[in-house]
1. Which ³J(HN,Hα) values, rounded to whole Hz and listed in residue order, are derived for the range A:118-130 from phi using the Karplus coefficients 6.51, -1.76 and 1.60 in 6.51 cos²θ - 1.76 cosθ + 1.60 with θ = phi - 60°, glycine and proline given as x?
2. In whole angstrom, how far apart do the alpha carbon centroids of the range A:40-74 and the range A:102-132 sit?
3. Please compute, over every Cα-Cα pair in the range B:61-136, the percentage with a separation greater than 17 angstrom.
4. Could you tell me what percent of the accessible area of the range B:61-136 is made up of carbon and sulfur, with a 1.4 Å probe and every protein chain present?
5. How high is the FRET efficiency between residue A:130 and residue B:130 when r is their beta carbon distance and R₀ equals 30 Å, given to the nearest 0.05?
6. For a quick protection proxy, order the peptides B:60-68, A:23-31 by their average other-Cβ count within 10 Å, most packed first.
7. Rounded to the nearest percent, how much of the accessible area of the range A:35-131 (1.4 Å probe, protein heavy atoms only) is carbon and sulfur?
8. Under the definition of Cα pairs under 8 Å and six or more residues apart, what whole-number percent is the relative contact order of the range A:18-148?
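The values are calculated or read from the model by the stated rules, or taken from the named source; none is laboratory data. Everything numeric in this text was worked out from a predicted model, so none of it was measured. Cβ atoms come from the backbone with ideal geometry, glycine included; neighbour counts cover every protein chain shown. Just the protein is used for accessible areas: all its heavy atoms, side chains included, with ligands, DNA and RNA removed. Shrake-Rupley method; radii C 1.70, N 1.55, O 1.52, S 1.80 Å.
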Amino acid sequence: MSTITTIAANRLELLPGLPLWRWRFALLGLAALPCLALVFARNPEEPGYYPPCVFYALTGLHCPGCGTLRGLHQLMHGNLLAAFGYNPYTMLALPIIGYAYLSALLPSLSGRRLPTVFLHPALIWGLLAAVLSFWALRNVPVYPFTVLAP
Amino acid sequence: MAYDYDDDPIHCATCGSEIEPGARFCANCGAAAQTSPSFTPGYAPGMGYEGGPDYGEPVHVPNHLVWAIAATLCCCVPTGIVAIVYAAQVNGKLAAGDYNGALSASNSAKTWCWVSLGLGVVAAVVWGIVGLTGAI
């Protein structure tokens, strides 16, 4: 990218005083609303409203994210147990994603920022091990592990 | 930093105005956008921008962990796992004081998050085309 186009991009502001990255986050926040409304209104168990998972169609395996949409639908209708049944990893990750989402959105709206959280690296390595184990175990077609499948 | 908005604006070391992520020069004063170990966002002297105090670690290097988690959840692509590995390396290297290593791992984590998103979108589009032609 040439210097001139870089400068031009930096100068691009939709409203004076609100930089581009703030608008990006604000638009991103607004874009999430219709998606959430769709997940609330339509049960992913019904065919025809959502694209199928390519990973599942190709391999027949449940990935760590399998059951996320069905779980979110149940969560929005107050069925916490059913939501955890579809994907416990998603439900545990939701508060983290929610916090990151607010951290990204709040500065773009109010200019205030939430405190950042520094995770000990061992925690992230632990998360990695947990996700990999979850992925492997939920594909074992034997009882207690079938509980982990969506 | 785990829960953080990843696109924390970079500030020019010379004049203190915001620099769009990825830009190599400051749009305000034209100085080269530098990310050297001695340049610590939020603590560089004489910057005078309106940003609040930097919470937690003095040096800010986003690890993109939340995007990596979201990639393992939404994109159905195992490349999100690779992004988590790099996110862990960012915090490990920051804890060890290796700023340049953390920055490099941060960029790798970011790259793999985009790769996840790209593969997810491409796979969905290809699958849609295959499904449509199959239906016809």
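1. With the stated coefficients, the range A:118-130 comes to 9, 8, 4, x, 4, 5, 6, 4, x, 4, 4, 4, 5 Hz.
2. Result: 26 Å between the Cα centres.
3. 48 percent
4. Roughly 74 percent of what the probe reaches on the range B:61-136 is carbon or sulfur.
5. About 0.30, to the nearest 0.05.
6. B:60-68, A:23-31
7. On the way: 3740 of 5230 Å².
Carbon plus sulfur share of accessible area: 72 percent.
8. On the way: 94 pairs, mean separation 32.6, N = 131.
Computed value for the range A:18-148: 25 percent relative contact order.
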